[in-house]
Structures are given as structure tokens and as C-alpha cells.
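Here's the structure, in C-alpha cells; my notes come after.
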Amino acid sequence: MIFRSGLQGGFASAAVAMHLVCLQLAQIHVKTAQAQTAVERECDGGDAQACNNWGYDLEHGDGVDIDLPRALEVYRKACTLGEPFSCTNVGLFLQDARMGGTPDPQAALSFLRQGCDGQDPKGCAWVAKLHRDIPALNDPALAADYAHRGCAMDHINSCVWQGIAFEDGAG
């Protein structure tokens, strides 16, 4: 009720807070169209976190229809605004060619590094994976370094890959 009052009173921060609560409670679908509109408006106004949330909703159909091209566009905007999780998401779109086409690990790597540098451990994990698994990018020392960085942020896959790199003599 407090959030709805905030929305009706024009308090955008209440709308963003409502959106975050909705993301955490997505399994019971408590979102409202007003919250979606407010988050999109905040993103349009340059709020990087709101853009990341809006991109997630568009990618996963969370309260809206799935729209992958728009999700990628919104994630790119959030990345440009300094949201590291969105940089990682752009990298994942490019890595696995979610919208068709051919995967582009080289382009993905740039965005994934931005995510990692911004303290997104998933970005670090994916940089390690690309340097470990893609022949054209193969660099065991870099893979070990990024796995270590992700592991230091408690990303379990990074810790596993760091252990593998250590066993292989690269860590």
C-alpha cells in the first residue's frame, strides 16, 4: 500500500523500490503495470539500476512480453551508464547469440571484462570461461586470473575453474 501511494503521488524512488521488491517476489507475480511504467521511465531518465531491472524484465518476460532486441538495447544503455551487471548481460547476449546469428566471443569478451572490472563476479567467471574454452582466445594464465577474481567475490564456478587452473599448472 505504501508503494502504491508513492506511485500515485509521483515518487519515482518508491516505484523503483517497488520494482525491486517485485523482482525478489517474482514467483508470486505481485508486479503492477504502474511499477513497470515507472521503472521504464526511470531508465529513460538515465538511472542505470532501473535500466538493468527493465532489461531483465524484457529478457525474461517478467511482467511484460519477452523482447530480446529491446532487452539488449536497454542492457547496453545501462552498461554505458556504468551498471556492471548489464555489461555482463550484454556480453552473454553476444556470446551465445540469443537473438540468432553467430556467437561473437571476441565482442562478448569486452563487455564481460567491463562487468568483471565493475565487480560482477559472473562477468569474471565468463571471461575465465572464454579464455579457457574458446581456442582463438585461449590463454590459461588469463583464465586463471579471472577465475581468481570471480572466486574472490564468492562465485562458485569461478572457484571451481580456479582449482582446475591450479591443477593444470596455470593458477
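The values are calculated or read from the model by the stated rules, or taken from the named source; none is laboratory data. Just so we're clear, the structure is a prediction, and the values are computed from it rather than from any experiment. Quick reminder, even Gly has a Cβ in these numbers, built from the backbone with ideal geometry, and neighbours come from all protein chains shown. Accessible surface is based on the protein model in full, side chains and every heavy atom, while ligands, DNA and RNA are left aside. Shrake-Rupley method; radii C 1.70, N 1.55, O 1.52, S 1.80 Å.
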Fill in: Single residue of Gly118, Gly150 found to be in contact with a Lys or Arg (Cβ under 8 Å, 6 or more places away or on another chain) and either of a type in the set (Gly, Ala, Ser) or within 23 Å of Phe93 (Cβ to Cβ) (or both)
Gly150
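Pick out the one residue from Pro135, Pro103 that is surrounded by fewer than 16 Cβ atoms within 10 Å (Cβ to Cβ), over 23 Å from Cys43 (Cα atoms), in contact with an Asp or Glu (Cβ under 7 Å, 6 or more places away or on another chain) and not aromatic (Phe, Trp, Tyr). It would help to see each step written out before you state the result.
Values: Pro135 fails: in contact with an Asp or Glu (Cβ under 7 Å, 6 or more places away or on another chain).
Of the residues listed, the single one that is surrounded by fewer than 16 Cβ atoms within 10 Å (Cβ to Cβ), over 23 Å from Cys43 (Cα atoms), in contact with an Asp or Glu (Cβ under 7 Å, 6 or more places away or on another chain) and not aromatic (Phe, Trp, Tyr) is Pro103.
Are any residues in the range 150-171 within 18 Å of Pro84 (Cβ to Cβ) and surrounded by fewer than 21 Cβ atoms within 10 Å (Cβ to Cβ), and if so, which ones? Even if it seems obvious, please write down each step before you answer.
Within the range 150-171, the first condition is being within 18 Å of Pro84 (Cβ to Cβ), and the residues that meet it are 150-155, 157-158.
Passing the criteria: Ala152, Met153, Asp154, Asn157.
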Discussion item. Only one of Arg70, Arg41 is touching a helix residue (DSSP H, G or I) at 6+ places or on another chain (Cβ under 9 Å), of a type in the set (Lys, Arg), open to solvent by less than 70 Å² (accessible area, probe 1.4 Å) and at negative phi. Can you tell me which?
Written reply: Arg70
Worksheet item: Name the pairs whose Cβ atoms lie under 7 Å apart, with the first residue in the range 53-69 and under 17 Å from Leu94 (Cβ atoms), the second surrounded by 13 or more Cβ atoms within 10 Å (Cβ to Cβ) and among the basic types (Lys, Arg), and 6 or more positions between them or separate chains?
Response: Leu58/Arg70; Leu68/Arg98
